[in-house]
Amino acid sequence: MTNRRLWELAAVGTLAVALAAALAVPPEQTQGDVARMLFVHVPSIWLAYVAFVVTLVGSAAYLVTRRLKWDRLAGASAEVGVFMTGAAILMGMIWAKPTWGVYWTWDPRLVLTAVLFFVYLGYLALRRAIPDRVLRARRAAVFGILAIVQIPIVHFSVVWWRTLHQRSSIVRPDSLQLDPPFQAAMWMAVVAFTVVYVVLVARRMELSRLEERIEDALAAEERALAGDAVAAPRLDPVPVTAGGDDE
Amino acid sequence: MSGFWRQAAAVARRDLTGEVRTGEVLLVTAPFGAIALLLIPMAVGTDAPLLARIGPGMYWVVVLLFGVLVALRRSAAEGRPQRELVGLLGLDPAARFAGQALANGALLAVFAAVLGPVAVALYDPALRGWEWVPLLMPLTVAGLALLATVAGWLTAALDSGPTLVPLLVAPLAVPLLLGATQVLEGLRLGEPILGWLMLLVAVDLALAVAGVLGARPLEEAAR
């Protein structure tokens, strides 16, 4: 069995376990079953952060080594990150309706997460606008490094402003508020999402490599060869007709 | 003056001379920003207390969004032959970046200074803590100038460059917008503002370092 197949099986397996754990925990005391959104919302935004940090690492590594595999990693990770950010916003909105009474509120964490989404959408738009892969890699790498400034602002927004959104309760032991079953299910979801992220990024990088091969093949076909402009002498006799063309 | 700064000053002087000849910022972009400040009350309602409350925020939104147009001005546009000539002259890409950012910063300062009295006249905000403006304005304008210059380099020689720049700049300008508006809000409410000023300084430094370090790969990519 190939490594790729193993990772895909691991992704399916961990997702299944995480789903079972999310359904097995008892309903939350005040929010009931709606609180299960936690198991999708939190891993999504966590993975989005991880994805954008990997984009930063890939961008910096490309600028240092000038090897395109780092650019592929940065681009693939940003794509998955944008998807995860979009999913986190959407899940958050669905969760907000029954708990806050509205889908959207002008909460700093929400607004800044939406801004983060647009920062990396801009990154993807920049990549799409540049057909040449080396030029694209250089420009995207600089923007990929610059864009990371948004992550700490989003993360610390709940500390800097009074917000509706709760503070971090997973990575800060002093403010841990989740019951053990919820914690266990949460960590399973985080592991499952991480494995899915690895599989998606690996597949996207492979797709990029294949796209590059197709581009190279097409470019080789279109490239003019020396001597193309010279016509070979024709050996078949050309019929010569006597008289005018009107006959 | 070191070679780096002499080169940067020469680039800035060239850009500013081009702008003086065309007058694009003062004659086109600044009036456009003033019109935006005039239109906002029509959209939200001409309630004087409300306008006084939101005036400073609206001013900074207009400066940050319309300020991108200052960096995108035609007078600073460079064609490929021009960029290649500058490269062949041996100009340090980082100095060229610094020079362009200096020119953009100077023009953005003029733009913000022109719009300031317009905002005060239209919105009549409380001018408590105005003595901090000489510190706040350069920090915000420098950040925007650096950001817009980086975005201009990222999209140099691209057909879709002028449409891409606002998409790249606007979300990344959020820390600048937050810093600028929260300093004024803090002064209005008598709350500490040092943290917000530090945020502006940190963003400016990060952008300056990113611009100077990224100048060479970006110049190579633009040829």
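Residues of the stretch A:130-157 falling in the label zone of A:Ala217, defined by backbone nitrogen less than 17 Å from a point 7 Å along Cα to beta-carbon, are absent.
From least to most packed, judged by other beta carbons within 10 angstrom and beginning with the fewest, A:Ser77, B:Ser160, A:Ser157 follow the order B:Ser160, A:Ser157, A:Ser77. Shape annotation for the stretch A:26-137: C-alpha extents along the principal axes are 53, 27, 19 Å, from largest to smallest. Taking other Cβ atoms within 10 Å as a rough exposure proxy, A:Val53, A:Val115 sort from fewest to most as A:Val53, A:Val115.
Over all pairs of different C-alpha atoms, the stretch A:109-157 has a mean inverse distance whose reciprocal, the Kirkwood radius, equals 11.4 Å. In a solvent-free Debye calculation with one equal scatterer on each Cα, what is log10 I(q)/I(0) for chain B at q = 0.10, 0.12, 0.16, 0.17 Å⁻¹, listed in the order of the q values? Taking Cα atoms of chain B as identical point scatterers yields -0.46, -0.65, -1.08, -1.20. Highest mean packing first, where packing is the average number of other Cβ atoms within 10 Å per residue, the peptides B:185-193, B:92-100 line up as B:92-100, B:185-193.
So for the stretch B:182-223, Kirkwood radius off the Cα pairs, Stokes-Einstein at 10 °C and 1.306 mPa s: how many µm² s⁻¹?
Result for D is 129 µm²/s.
Modelled spin-label separation between A:Trp106 and A:Val198, with each label point placed 7 Å from Cα along the Cα-to-Cβ direction: 4.4 nm.
Shielding by partners for B:202-212, please: the mean number of other protein chain Cβ atoms within 10 Å of each residue's Cβ. Please list the in-between numbers first.
Numbers: counts 2, 2, 0, 0, 4, 2, 0, 1, 6, 2, 0.
Across the residues of B:202-212, the mean count of other-chain Cβ atoms within 10 Å is 2.
When all alpha carbon pairs of the stretch B:63-121 are counted in 10 Å bins from zero, the resulting P(r) reads 20, 42, 24, 11, 3 %. Largest first and in whole Å, the equivalent-ellipsoid semi-axes of the protein assembly as shown read 43, 38, 21, each the square root of five times a Cα gyration tensor eigenvalue. Pairwise inverse Cα distances across the stretch B:1-103, averaged and inverted, put the Kirkwood hydrodynamic radius at 16.0 Å.
Our summary gives chain B a relative contact order of 28 percent, counting only alpha carbon pairs under 8 angstrom and 6 or more residues apart. Relative contact order of the stretch A:1-155: 25 percent, from C-alpha pairs under 8 Å at least 6 residues apart in sequence. Summarised in one figure, the compactness ratio Rg/Rh of the stretch B:40-168, Cα atoms and Kirkwood Rh, is 1.07. Shown is the FRET efficiency for B:Ala126 and A:Asp132, computed with R0 = 51 Å from the Cβ-Cβ distance and rounded to the nearest 0.05: 0.45. Per residue, the average separation of C-alpha pairs within less than 8 Å and at least 6 apart gives the stretch B:1-119 a relative contact order of 54 percent.
Give me the Kirkwood hydrodynamic radius of the stretch B:114-178, using the inverse of the mean 1/r over all pairs of distinct Cα atoms, in Å to one decimal.
With all distinct Cα pairs of the stretch B:114-178 included, I get 13.8 Å.
Just so you know, all these numbers are worked out from the coordinates, no wet-lab data involved. Remember, it's a predicted structure, so these values are computed and weren't measured experimentally. Cβ: placed from backbone, ideal geometry, glycine included. Neighbour counts: every protein chain shown.
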